[in-house]
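S.K.: My questions will all concern the structure given below.
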Amino acid sequence: MRATVKWVDGVMFVGESGSGHAVVMDGPPDHGGRNMGIRPMEMLLLGVGGCSSFDVVQILQKGRNDLVKCVTEITAERVDAVPSVFSKIHLHFIVSGRNLKASAVERAVKLSAEKYCSASIMLSKAAVDITHDFEVIEV
């Protein structure tokens, strides 16, 4: 994989992935930014959520579950020191579908957490406490 990050001005940067997609990163005014983009640590959190969500959806779809919607709410805590690394990340999956079994969703979440999600597994190896739970909504 490859990526580039280009400085725009202040603390604003544009990151471009090897696949050609771009995102603006910026900081708050009290850190020299103009609040024009996502913070880098927020992007890291979104990456974990995206990676895990991708896995859960794929696993449920491959199991021929009638999945309609999957929303992942992510909360995190950071240490009160420099560097302000994540100490805890919690992913709450809200999975909607028709005749979805809680056991199927539980299995998908567990497989993502323990086997497939490179992002969350990497952070857990760096001593971040990562937890998961879910709820199933019948539609």
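S.K.: Give LEU60, LEU100, LEU67, LEU44 a once-over and let me know the one that is under 12 Å from the mean Cα position of the chain (by Cα) and hydrophobic (A, V, I, L, M, F, W, C).
M.R.: Working: LEU60 fails: under 12 Å from the mean Cα position of the chain (by Cα); LEU100 fails: under 12 Å from the mean Cα position of the chain (by Cα); LEU67 fails: under 12 Å from the mean Cα position of the chain (by Cα).
None of the other options fit; the residue is LEU44.
S.K.: Restricting the search to the range 36-55, which residues are open to solvent by 50 Å² or more (accessible area, probe 1.4 Å), of a type in the set (A, V, I, L, M) and either in contact with a strand residue (DSSP E or B) (Cβ under 6 Å, 6 or more places away or on another chain) or over 23 Å from THR72 (Cβ atoms) (or both)?
M.R.: Filtering the range 36-55 for residues open to solvent by 50 Å² or more (accessible area, probe 1.4 Å) gives 36, 39-44, 46, 54.
Narrowing the set further to residues that are of a type in the set (A, V, I, L, M) leaves 36, 41, 43-44, 46.
The answer is MET36, and nothing else.
S.K.: Which condition breaks for PHE134 when tested against (1) surrounded by 14 or more Cβ atoms within 10 Å (Cβ to Cβ); (2) out of contact with any strand residue (DSSP E or B) (no Cβ under 7 Å at 6 or more places or on another chain); (3) within 12 Å of LEU60 (Cβ to Cβ)?
M.R.: (2)
A quick yes/no check of all residues on (1) within 28 Å of THR4 (Cα to Cα); (2) in contact (Cβ under 8 Å) with a residue 40 or more places away in the chain:
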| position | (1), (2) |
| --- | --- |
| GLU16 | yes, no |
| LEU45 | yes, yes |
| LEU60 | no, yes |
| LEU67 | no, no |
| SER96 | no, yes |
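S.K.: Would you please name the residue that is least open to solvent (accessible area, probe 1.4 Å), looking only at residues in the range 1-35 that are closer than 21 Å to SER118 by Cα and among the charged types (D, E, K, R)?
M.R.: GLU16
S.K.: Name the one entry in SER103, SER124, SER112 that is of a type in the set (Gly, Ala, Ser), farther than 16 Å from SER53 by Cα and surrounded by 14 or more Cβ atoms within 10 Å (Cβ to Cβ).
M.R.: SER124
S.K.: Condition first: open to solvent by less than 60 Å² (accessible area, probe 1.4 Å) and hydrophobic (A, V, I, L, M, F, W, C). Now tell me which residues in the range 72-100 satisfy that.
M.R.: Across the range 72-100, the qualifying residues are ILE74, ALA76, VAL79, ALA81, PHE86, ILE89, LEU91, PHE93, ILE94, VAL95, LEU100.
The values are calculated or read from the model by the stated rules, or taken from the named source; none is laboratory data. What you see is a predicted model, and the numbers here were worked out from it, not measured in a lab. Methodologically, a virtual Cβ is constructed for each residue, glycine included, from the backbone with ideal geometry; neighbour enumeration extends over all protein chains shown. Only protein heavy atoms, including side chains, enter the accessible area calculation; ligands, DNA and RNA are left aside. Shrake-Rupley method; radii C 1.70, N 1.55, O 1.52, S 1.80 Å.
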